[in-house]
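Right, one structure below, let's go through it.
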Amino acid sequence: MYDLILKHAVLVTDSAVFPGAVGVKDGKIAAIGEVADDGAPCIDVRGQYLFPGLIDCHVHFNQPGFDSRETFDCASSAAAVGGVTTVLDMPLNNRPATSTAARMEAKKQLIAGHSWVDYALYGALFPACYGDLAEMHAHGAVAFKGFTCDDSALFPMQPVEALPRAFAALKPFDGLAALHCEDDVMCTRLAQEKIAAGHTARRDYLDSRPPEAEVRAVRAALAAAEQSGARLHICHVSHPDAAQLIREAKARGVRVTAETCPQYLLLTEQDVLTRGMVCKCSPPMRTAEARDRLWDYLLDGTIDCLCSDHSPAPMEEKDESGPRGAFGAWSGLSGVQTTVMSMFDAIVHQKGASPCVLAQKMGSRPAEIFGLDRQKGRLVVGMDADFTCIDPERSWEIRPEDMRYKHKLTPFAGCRGRGAVTLTVLRGSVVYRDGVLSAVPEGKLLR
């Protein structure tokens, strides 16, 4: 006897859409397609798309150390409400950064019992922790995050000139380097010049991180990866010129993958100029023309993943009234609750593409890239019974008061569309259904 049946669904895999049902037993998918009603509890999702549980492969949930910005309790519940069943949490915006196995174990203990969704952890990538990479990998790190530009005193930079050493340290266990790519020399010089001249407005911040800074760093990272044969993942691609370099590198056989985010596909630099620091992120949003061209690289497979880069802060950290103006405001956005619905609407209703694209970009591809594909990301018998159900015609509007984040800030406030998340199932347990979140967090660490 099954533990749960979801019937009358429209099943969405990464390559097909077809009517059917799924049967769940012991937290795993036990049957797909024609599923006999054996008296098990049933949920009728007639007319709704049933996806494999969707994955957000880039989030900052800020624990340990920055609970004032976000917590796993808040952010993971937002993920569940937003149709995300697995998150991959970054090693920065942590105090201390997750740069050793001991710190990773301490972080695991802190998070345990506080997540509504399953989760995996990144380790840090910068020169001082190269000797710790293998041990962090052994303790479950799915990838290693580095910045080619200055981030903060708490998280040192991964200089591009040191990438050969970084890749050499990752190569013995085929570790994955996930890089934030902006050229540090260019960004630092431009920012210093503008601040020294008293030019600290929103436009000045945007101009201090131009597309060329991203392109230069992506080119350097690709060259180092190609020479070493190591694995490289380019984080939050914001501009089509960077995506073109990735496309060409893939054609040459470079082992590179890439992600982008809703802010780069839906919003533009004009949102920063008119709405302010709630829309500040790095790399920044680009022109409308660049946004529109970036879609081509998502839909043709150059860009492998969609993610939120959820990195929130309270409004006081978004203040631009100080002496540094826009440069002094926190750079990061909230998005884990709104990524699935906004991208479903954009892909299916606005672009007229198949819902399979969403199943690829937030299902099978991130699962494959980050080593979770034996459990997650596909509608296959034996996989974890994680499901995201979307009513394709149900309208939604993003309102700050509906966000479950610790701080109700969202750059997507006021956005409207069709394709609302109605049901989120984690390993056979209903964690969210029609506005109601489960009472107890049941998320587990993935290795």
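The values are calculated or read from the model by the stated rules, or taken from the named source; none is laboratory data. This one's a predicted model, so the numbers in the text were calculated from it and none came from an experiment. Ideal geometry is used to build each Cβ from the backbone, glycine not excepted, and the neighbour counts take in all protein chains shown.
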I'd like the residue in the stretch 69-93 that is outside any helix (DSSP H, G or I) and touching a helix residue (DSSP H, G or I) at 6+ places or on another chain (Cβ under 7 Å) and, out of all such residues, is nearest to residue 399 (Cα to Cα).
82
Hits in the stretch 125-177 - residues which are surrounded by fewer than 15 Cβ atoms within 10 Å (Cβ to Cβ) and at positive phi:
174
Residue among 221, 230 that alone is touching a Lys or Arg at 6+ places or on another chain (Cβ under 9 Å), in the same structural domain as residue 307 (by TED's automatic domain parsing) and either basic (Lys, Arg) or within 18 Å of residue 148 (Cβ to Cβ) (or both)
230
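Restricting to the stretch 99-120, count the residues that are among the hydroxyl-bearing types (Ser, Thr, Tyr) and within 12 Å of residue 140 (Cα to Cα).
Restricting attention to the stretch 99-120, the residues satisfying the condition of being among the hydroxyl-bearing types (Ser, Thr, Tyr) are 99-100, 115, 119.
Okay, now just the ones that are also within 12 Å of residue 140 (Cα to Cα), so 100, 119.
Final tally of qualifying residues: 2.
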Is there a residue in the stretch 67-75 that is buried (at least 24 other Cβ atoms within 10 Å of the Cβ), of a type in the set (Gly, Ala, Ser) and within 30 Å of residue 17 (Cα to Cα)?
no
Restricting attention to the stretch 293-334, which residues are closer than 28 Å to residue 74 by Cβ, of a type in the set (S, T, N, Q) and crowded, with 23+ Cβ neighbours inside 10 Å?
308, 311, 334
Determine whether residue 17 is surrounded by 24 or more Cβ atoms within 10 Å (Cβ to Cβ) and in contact (Cβ under 8 Å) with a residue 40 or more places away in the chain.
no
Determine whether the stretch 95-108 contains at least one residue that is part of a loop (DSSP other than H, G, I, E, B), farther than 24 Å from residue 407 by Cα and out of contact with any strand residue (DSSP E or B) (no Cβ under 8 Å at 6 or more places or on another chain).
yes
Can you confirm whether residue 40 is assigned to a loop (DSSP other than H, G, I, E, B), in contact with a strand residue (DSSP E or B) (Cβ under 9 Å, 6 or more places away or on another chain) and not polar (S, T, N, Q)?
yes
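In the set 378, 433, 374, which member is touching a helix residue (DSSP H, G or I) at 6+ places or on another chain (Cβ under 9 Å), at pLDDT 95 or above and surrounded by fewer than 18 Cβ atoms within 10 Å (Cβ to Cβ)?
Numbers: 378 fails: surrounded by fewer than 18 Cβ atoms within 10 Å (Cβ to Cβ); 433 fails: touching a helix residue (DSSP H, G or I) at 6+ places or on another chain (Cβ under 9 Å).
Sole residue among the options that is touching a helix residue (DSSP H, G or I) at 6+ places or on another chain (Cβ under 9 Å), at pLDDT 95 or above and surrounded by fewer than 18 Cβ atoms within 10 Å (Cβ to Cβ): 374.
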